[in-house]
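To start, the structure under review is shown below, and the notes come after it.
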Amino acid sequence: MKIRGIITNILQNAVQAIGLKGEINISLEEDTDYAIIKITDSGPGIPDENIEQIFEPMFTTKDEGTGLGLASCKQFLEMHNGSIAVNNNPTAFTIKLPKIRSESI
């Protein structure tokens, strides 16, 4: 899985959450050490009872879901010293990836 796959997964989930009406915002920021991608949607949010589980393998609320999408995203990011977090109201996924320093290339 690459960063494109991670963003695609989160965007697909957001599209499903907002239905026919809603808004998805994507922003890119940076700090000294990280590039930060934030994806926010105007959907109903993640139920409180599910929010702690959404990155666990095999957890899904979808009839045809495998429960591997967000778990794979998290695993890939952590393998590359990054992270993913979620907040509600509005639903916002924050992806942090370490910057590559020119001296390490």
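The values are calculated or read from the model by the stated rules, or taken from the named source; none is laboratory data. Here the structure is a predicted model, which is why all the values come from computation and not from measurement. Cβ: placed from backbone, ideal geometry, glycine included. Neighbour counts: every protein chain shown. We work out accessible area using only protein heavy atoms, side chains counted, and drop any ligands, DNA or RNA first. Shrake-Rupley method; radii C 1.70, N 1.55, O 1.52, S 1.80 Å.
The count of lysine pairs in the chain that are at least 8 places apart or cross chains, and whose C-alpha atoms lie under 27 Å apart, stands at 15. Once log10 I(q)/I(0) by the Debye sum over Cα atoms at q = 0.22, 0.24 Å⁻¹ is calculated for the structure shown, the corresponding label among (1) -1.16, -1.31; (2) -1.28, -1.48; (3) -1.43, -1.47 turns out to be (2). For Arg4, Arg101, the ranking by accessible surface with the largest value first comes to Arg4, Arg101, using a 1.4 Å probe.
Any idea of the accessible area per residue across the chain, 1.4 Å probe, to the nearest Å²?
Averaged over the residues of the chain, the accessible area is 69 Å².
Relative to the longest principal axis of the Cα atoms of the chain, the long axis of helix 69-79 lies at roughly 20 degrees. Probe radius 1.4 Å, ligands and nucleic acids ignored: give me the carbon and sulfur share of the accessible area of the chain as a rounded percent. About 52 percent, which is the carbon plus sulfur part of the accessible surface.
So if each residue of separation counts as 0.36 nm, and I subtract the Cα-Cα distance between Ile36 and Met79, what length gain in nm does that give?
Additional length available on full extension: 13.8 nm.
Taking the Cα centre of the chain as origin and assigning +1 to Lys and Arg Cβ atoms and -1 to Asp and Glu Cβ atoms, the resulting dipole is close to 360 debye. Of the residues Glu64, Glu23, ranked by 1.4 Å probe accessible area with the largest first, the sequence reads Glu64, Glu23. In this structure, the amide hydrogen of Ile46, modeled 1.01 Å from its nitrogen in the peptide plane, lies closer than 5 angstrom to those of Asn89, counting only residues at least 5 positions away or on a different chain. Using alpha carbons only, how many degrees (0 to 90, rounded to 10) separate the axis of helix 3-18 from the longest principal axis of the chain? So the helix axis and the longest Cα principal axis differ by about 30 degrees.
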